[in-house]
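Student: Take a look at this one; I'll ask things after.
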Amino acid sequence: MNSSKNQTLEFSSAGSAIINSASSSPAGTFGAIQFLKDSTLDAVTTSKVTNPTLLLTSFTAGTVLYGEFTGVSISGGLVALHRF
């Protein structure tokens, strides 16, 4: 990522989407998945992360995953998807 994308991600000026288990993943590209509550990832779509199926597990609140994600589904909890 170049510095302008880092600044965009850091300050969330590109926007964020909040999803829970009842929400579908919004369209777009996301640079971070922030877990606001303990959550379980059911599905993640990415072409820039090696072995993404290893991410299909539970994460505690406060965890942040960085990468380039285009789809996320959770079975419980609450996450913020930060655009970049």
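Student: Report the residue count in the stretch 10-55 for those that are in contact with a Gly (Cβ under 8 Å, 6 or more places away or on another chain), among the charged types (D, E, K, R) and farther than 17 Å from ILE74 by Cβ.
Tutor: 1
Student: Only residues in the stretch 51-80 that are buried (at least 16 other Cβ atoms within 10 Å of the Cβ) count as the first member; pair them with residues that are among the basic types (Lys, Arg), Cβ under 7 angstrom, at least 6 apart or cross-chain, and list the lot.
Tutor: Pairs that qualify, where the first residue is buried (at least 16 other Cβ atoms within 10 Å of the Cβ) and the partner is among the basic types (Lys, Arg), are GLY67/LYS48; GLY77/LYS37; LEU78/LYS37.
Student: Inspect all residues belonging to the stretch 50-58 and state whether any of them is closer than 16 Å to HIS82 by Cβ, part of a loop (DSSP other than H, G, I, E, B) and either at pLDDT below 95 or more than 12 Å from the chain's Cα centre (by Cα) (or both).
Tutor: no
Student: Here is a follow-up. Give me the residue from the stretch 1-49 that is assigned to a loop (DSSP other than H, G, I, E, B) and of a type in the set (A, V, I, L, M) and, out of that set, modelled with the highest pLDDT.
Tutor: LEU36
Student: Could you list all residues from the stretch 63-77 that are outside any strand (DSSP E or B) and more than 12 Å from the chain's Cα centre (by Cα)?
Tutor: GLY77
The values are calculated or read from the model by the stated rules, or taken from the named source; none is laboratory data. Every value quoted in this text rests on a predicted model; they were computed, and no experiment measured them. Here the Cβ is made from the backbone with ideal geometry for all residues, glycine too, and neighbour counts use every protein chain on show.
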